[in-house]
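To start, the structure under review is shown below, and the notes come after it.
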Amino acid sequence: MDHDSEIYNCEIKLRENPERRKERVLVGCGAGFAGDRPMAALKLLHRVPNLDYLVLECLAERTLADRYQLMLSGGPGYDPNISDWMSLLLPLAVERGTCLITNMGAVDPLGAQKEVLDVANGLNLSIVVAVAYEIALPNSGLEGSFHSIEGGVSTYLGAAPIVHCLEKYKPHVIITSRVADAALFLAPMVYELGWNWNDLKQLSQGSLAAHLLECGCQLTGGYFMHPGDKYRQMTFEQLLDLSLPFAEVSFDGNVSVGKAEGSGGVINFSTCAEQLLYEIADPSAYITPDVVIDVQNVSFSSLSMDRVLCVGAKPSDQFSTPNKLLQLMPKDVGWKGWGEISYGGYKCIERAKVAELLVRSWMEEVFPGVKNNIVSYIIGLDSLKVKDKDDFTLSGRRDNEDIRLRMDGLFDSKEQAIHFVKEFTALYTNGPAGGGGISTGSKKEIVLEKKLVGRESVFWRTGAMQTELAESCSHFGYPEKTHDVNAAPTRRSLSDCRSLLAQSSAMNPSLAPSGQKIPLYHIAHSRVGDKGNDMNFSIIPHFFLDIEKLKVIITPNWVKAVISSLQDSSSFPSKEEIDKRKKWVDENVHVEIYEVKGIHSLNVVVRNILDGGVNCSRRMDRHGKTLSDLILSQQIVLPP
């Protein structure tokens, strides 16, 4: 192991005489989350042969918590799928000279490094695998190297450790611990284009490109197609042939994002606007470890059917670089117990209601007060909890013929969670007629508590190892590329350009009508993201001028009225419970609405609404992602 003998803290230190290695660099996204498709990454490598870097972004707060719990029980602290990904991608990546960068190291990057070396040795590949990871110093309050830090503490590192790896080791693969998503993509730009940490304009544009790439195919038509929205329609063939995105970034900060030429999906103003606003909160100060970005005046324009120009990101006027970094610390929050049972046919909803009341009552007999820890909902009726803001009950809804009751409890002890499972299972002989298909489970839950820590108190180091074949060879680093990576991008033919213009014309909507009740989705599209217990959703009008009317409609009070039913603990709340819920929302939920003028849109942040966040939420949709279309289904009346 070639371990860097020096340990570094996260204070910003300017690079010494950074070298500009390229005029432009191509950075692709091979994965946008842990469950992404390896075959899609392989297709991108095939279709974009001059790709310099491919980033596999596979670590979120939930997956980090899962890796920590698995490590405590004796399992791997890194993503166990890393061997499958590398077995598929390494042969072509090495042949093409494309460096792979991934955060699949999670809480054990050294274990992941060994796994990748084993894969490469098995493939008879000569490669270097580098690691960049957080460590704790003896007197820092934490003990051991990162992968055995007591308590599983991890900090969002910036791009500097990856840049250091590139400078020192020229590796084929870089595996990291918790690194900010954008930093994974920004690092190769900094390294190749000769940027320094005070080149804030370039860093801002580079971080814009990184943020657009980090969710993979969500930039190129994935999670965008909607048969009910004429502006988001897409054929099945287009969706099947999605291309992962890449960015072309020049040394002066010019940025375009694209998909493989001739691929399916779509990349345009709308897909870029949705991704721009995804989980950024205040658009005037989107905080990353390397630069704080103002994206209020970012705009997008299509260069072709496969490429979009991105301009307008700049350093924030509030502060350009953060003095503190976000740190995550696992904390036990109790034990989850859950159960599901199906009912069908006549009066099935009423039978589900009886079953719910029985389980709550049985739990109360043994553990008084614990029924308040339980949330229930009916799949097929109200499992997502958001309904018309003017309808506070389920009255008037048809008696569905196929529904499924689910109850989720977050309890103080394992004993309570296991007892809940037993009581729920007892519905088979003690509940209403015709219930079946019971499934249950219990699980210890943790949340990742967040705090800000000074950059000077966060430390990292790097290292690299070679495959056995590499150790026997003099070659160390990337293979030479046989293609011109600085060739001009492919331009569209005249017929393609005419097709693009025709498509743009067809997509050009007209002003929405005023004075009549219409669903919001006739006027705008949206996507929801989550950060801890907070929800972030966009409102992006199909027609720019509609933003002025939407600003009148989309107010904090309107938002609270729409999402307040998320707090219902039952499908059948009483009037008293509804009043109590509304009071709680008014006092505890905070709504921030930001106008993003460059894309004529709104970014809405709702604080304290996701039942504790993805790691402990008792809701069917822990992330809140389905709420975008439920919000868009609200009936509104636009002012004149």
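Expressed in nm to one decimal, what extension gain is obtained for the pair residue 261 and residue 439 from 0.36 nm per residue of sequence separation less their Cα-Cα distance?
Difference between extended and current length: 59.5 nm.
Could you check how much of the accessible area of segment 510-640 is carbon and sulfur, as a whole percent, using a 1.4 Å probe? Don't jump to the answer; show the numbers that get you there.
Details: 2830 of 5250 Å².
Heavy-atom surface of segment 510-640 belonging to carbon and sulfur, 1.4 Å probe: 54 percent.
Expected output is a single nm value to one decimal: the length gained when fully extending between residue 456 and residue 551, i.e. 0.36 nm times separation in residues minus the C-alpha distance. What is it?
Fully extending the segment from residue 456 to residue 551 adds 30.0 nm.
Kindly express, to the nearest 10 degrees and within the range 0 to 90, the angle between helix 575-588's C-alpha long axis and the longest C-alpha principal axis of the chain.
Value to nearest ten degrees: 30.
When ranked by the protection proxy of mean other Cβ atoms within 10 Å per residue, highest first, what sequence do the peptides 632-638, 599-605 form?
Result, highest mean Cβ count within 10 Å first: 599-605, 632-638.
Quick one: Karplus J couplings for segment 553-568, per residue in order, coefficients 6.51, -1.76, 1.60, θ = phi - 60°, nearest Hz, x for Gly and Pro?
Running phi through 6.51 cos²θ - 1.76 cosθ + 1.60 with θ = phi - 60° gives 7, 7, 10, x, 5, 4, 4, 4, 5, 6, 9, 4, 5, 4, 7, 5 Hz.
Given a 1.4 angstrom probe, what's the average accessible area per residue across the chain, in square angstrom?
Accessible area per residue: 41 Å².
Starting from the Cα gyration tensor of segment 125-282, take the square roots of the eigenvalues, sort them a ≥ b ≥ c, and report rounded, prolate or oblate (rounded when a/c is under 1.5, otherwise prolate if a/b is larger than b/c, else oblate).
It is prolate, given that a/c is not under 1.5 and a/b is the larger ratio.
Going by a ≥ b ≥ c, the root eigenvalues of the Cα gyration tensor, does segment 204-287 fall in the rounded group (a/c under 1.5), the prolate group (a/b larger than b/c) or the oblate group?
On the way: a/c = 2.73, a/b = 1.47, b/c = 1.86.
Oblate, since a/c reaches 1.5 and b/c is not below a/b.
When the accessible area of segment 242-285 is computed with all protein chains present and a 1.4 Å probe, what percentage of it is carbon and sulfur? Intermediate results must be reported in sequence, preceding the final value.
Numbers: 410 of 870 Å².
That fraction is 47 percent.
Using Kirkwood radius over Cα pairs in Å as the read-out, say which of (1) 26.3; (2) 33.0; (3) 28.3 was calculated from these coordinates.
Matching entry in (1) 26.3; (2) 33.0; (3) 28.3: (1).
Can you pull the one-decimal nm distance between simple spin-label points at residue 13 and residue 346, each 7 Å off the Cα toward Cβ?
It works out to 7.9 nm between the two label points.
Which angle from 0 to 90°, rounded to the nearest 10, does the C-alpha axis of helix 61-72 make with the longest principal axis of the chain?
80 degrees
Work out, step by step, the length gained on full extension between residue 299 and residue 414: first 0.36 nm times the residue separation, then minus their alpha carbon distance; give nm to one decimal.
Contour length minus the Cα-Cα distance gives 36.3 nm.
What nm value, rounded to one decimal, do you get for the distance between residue 72 and residue 586 when each label is placed 7 Å out toward the C-beta?
Distance between the two pseudo-spin positions: 4.0 nm.
So for segment 214-259, what percent of the C-alpha to C-alpha distances run longer than 18 Å?
40 percent
Compute the helix-to-body angle for 82-96: its Cα long axis versus the longest principal axis of the chain, expressed 0 to 90° and rounded to tens.
30 degrees
What distance in nm lies between label points placed 7 Å from Cα along the C-beta direction at residue 233 and residue 323?
Using points 7 Å along Cα→Cβ, the separation is 5.5 nm.
The values are calculated or read from the model by the stated rules, or taken from the named source; none is laboratory data. Given the structure is predicted, the values throughout are model-derived calculations rather than measurements. Methodologically, a virtual Cβ is constructed for each residue, glycine included, from the backbone with ideal geometry; neighbour enumeration extends over all protein chains shown. SASA here: full protein model, heavy atoms, side chains in, ligands and nucleic acids out. Shrake-Rupley method; radii C 1.70, N 1.55, O 1.52, S 1.80 Å.
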